[in-house]
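Below is one structure; the comments refer to it alone.
None of the figures in this text is laboratory data; all of them are computed from the coordinates on show. In this text, all values refer to a predicted model and were calculated from it rather than measured experimentally. In this analysis, Cβ positions are derived from the backbone assuming ideal geometry, glycine residues included, and neighbour counts consider all displayed protein chains.
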Amino acid sequence: MLPQLSICTLIKSQTLRDPLQRTLDRARCSVVHCSNGQEFLDHAQAQKHHIDCAILEEQAGLADLSQQLQEAGVLLPVVIMSEVSDDVSHDKDTGPPNPSDSPLYHPAEVWLLVDSSDDKIAEGIHEAVEQFLTLSNDPNFPQRKRLKPEVVSHAKEFLMKKQRRLTDKLRERLGYLGVYYKRNPELFLRNLPQEEQQAVLQDLQKLYREIVLDYFSHEVNINPILDELVNIAFFADISVTHIVEIHMELMDEFSKQLKLEGRSEEILLDYRLTLIDAIAHLCEMYRRSIPREL
C-alpha cells in the first residue's frame, strides 16, 4: 500500500464536512476531524510532523488559532474554506481570494469557496501543498511581527524538515493523487531553449550509461539512478521512444568498442533487460500520474 496523505480538518458545518469527507475518501486520505479550535491545536501540536494538510472553515477565532499555531512552531499546508459575502466579487470556479490584506496563517495558504466542487477541493489541496513546498523561498516568511526570534528560527528549521518529508511522501504516492504531480509545460523538453534541451539530454544519457554499466552488478544499487532518470524524463515530458533512442545509441557505441577489441557483441543482448526495466518504470510513472477517478 502506498502511504496515505494525512488530513486534519476544523469544519463545524456538517453540510460542508460530509462532501469534504467524500472527496478525501476518493483521494485515499486518512482524515481526523476536529470539532473545535483547542482540539485542532492539540492534535496539530502532537502530530505536526505527520499532518500533510489542514482544511479549515473560516470562522470566529481562526486568526487567533493561526497565531497559536505559529507560536507553537506548527506549519502545515492549509486550505481555508470561506463564505464570501455578496458584495465581494469572485470567480466561483477558482474560489475567493484571501479577503484580508495579509495571510491569515502563512503566505502559502489557499482559500476556496465552501460550495466548491470535489475537483476544486482536490485541486485546492494540491495547490496548498505545492505552495507550501516553496514557502521557504519567500523572503517575507514568517511575517508575524509578534513572534520571538527563537520562534522564527525554529519555524524555518521545522519548515525545511517538513518540506523534505512531504516531498518524499508525495513521490511515493504518485498515482493515488496524480493531481499532486501536475507538470509545468514550460519545463517540457520541446519548450526549453536549445542549450537547456541539450543539458537535459546529456543528463539522461549519462544516467542511462551508469544504469547499463552497473545493471548486473551485485554491489551497486541502481534503483536511485533509475528513479532519477525516470523523474527527469517524466517532468520533461520525454517519450518512451526517446529512451529507446538513447539505448540504441549507447549500444551502438559499445558495439563499436567491442569490435575494436575483437570481442563478441552478443553480450549486448542482455542489456535489453535494462531497456525494458527503464521503459516499465517510465510507463508506470505516466500511468500513475492520471487520477484514478478519470
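In table form, for the structure just shown:
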item: Interchain or long-range residues, amide H under 5 Å from residue 109's placed H; result: none
item: Shape of region 17-65, Cα gyration tensor, a/c cut at 1.5; result: oblate
item: Neighbour cut-off at most 15 other Cβ (10 Å), DSSP loop, GluC sites (Glu not before Pro), region 191-230; result: 219
item: Span from the region 47-69 Cα centroid across to the region 257-279 one, whole angstrom; result: 57 Å
